[in-house]
1. What single numbered condition from (1) touching a helix residue (DSSP H, G or I) at 6+ places or on another chain (Cβ under 9 Å); (2) of a type in the set (D, E, K, R); (3) open to solvent by 70 Å² or more (accessible area, probe 1.4 Å) fails to hold for Arg21?
2. Take the residues in the range 45-92 that are more than 17 Å from Lys10 (Cα to Cα) and hydrophobic (A, V, I, L, M, F, W, C), then tell me which one is least open to solvent (accessible area, probe 1.4 Å).
3. Among the residues of the range 81-92, which ones are modelled with pLDDT of 95 or more and touching a helix residue (DSSP H, G or I) at 6+ places or on another chain (Cβ under 8 Å)?
Amino acid sequence: MAKNNIEYLKIQVGRIILLNRLQARLSQFELGLKIDLSANQVGRIERAESNPTLETLVKICNYFDIDINNLFVKLNKIEEQHIIDQIKSFKK
């Protein structure tokens with residue numbers, strides 16, 4: 001996989017996790033406590049600044065009841081924009 005694709009995938013995974021966290025009305029700290037991560041680690045994943053381990057992704061998916069495959073299916077532009085719009089609506 002090209003480096004560009006990996007960066008895009010990290011961004012997509014981060015956005016999906018961020019959206020789920022916001023929908024659950026959890027802070028990064030609260031999510032971290034529930035899945036044994038620091039708030040800083042959660043934030044770095046959401047901002048695509050780090051590569052989460054498979055173990056971490058499984059913990060997050062289990063907590064939010066997300067099929068892990070959904071993190072890795074490339075979203076089209078409409079789906080991507082929908083997630084961005086939903087995230088923005090929580091931040092108002």
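The values are calculated or read from the model by the stated rules, or taken from the named source; none is laboratory data. Bear in mind that the values here come from a model prediction, so they are computed numbers and not experimental data. Heads up, the Cβs are rebuilt from the backbone with ideal geometry, glycines too, and the neighbour counts pull from every protein chain shown. Just the protein is used for accessible areas: all its heavy atoms, side chains included, with ligands, DNA and RNA removed. Shrake-Rupley method; radii C 1.70, N 1.55, O 1.52, S 1.80 Å.
1. Condition not satisfied by Arg21: (3).
2. We begin by selecting, within the range 45-92, every residue more than 17 Å from Lys10 (Cα to Cα); these are 62-65, 78, 82, 85-86, 88-92.
Next, only the ones that are hydrophobic (A, V, I, L, M, F, W, C) stay: 64, 78, 90.
Numbers: Phe64: 32, Ile78: 139, Phe90: 76 Å².
Among them, the one singled out is Phe64.
3. Correct list: Ile83, Ile84, Gln86, Ile87.
A quick yes/no check of all residues on (1) farther than 19 Å from Glu7 by Cβ; (2) among the small types (Gly, Ala, Ser); (3) touching a residue at least 40 places away in the same chain (Cβ under 8 Å):
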{"residue": "Gln23", "(1), (2), (3)": "yes, no, yes"}
{"residue": "Gln28", "(1), (2), (3)": "yes, no, no"}
{"residue": "Leu37", "(1), (2), (3)": "yes, no, no"}
{"residue": "Thr56", "(1), (2), (3)": "no, no, no"}
{"residue": "Ile60", "(1), (2), (3)": "yes, no, yes"}
{"residue": "Tyr63", "(1), (2), (3)": "yes, no, no"}
{"residue": "Ile66", "(1), (2), (3)": "yes, no, yes"}
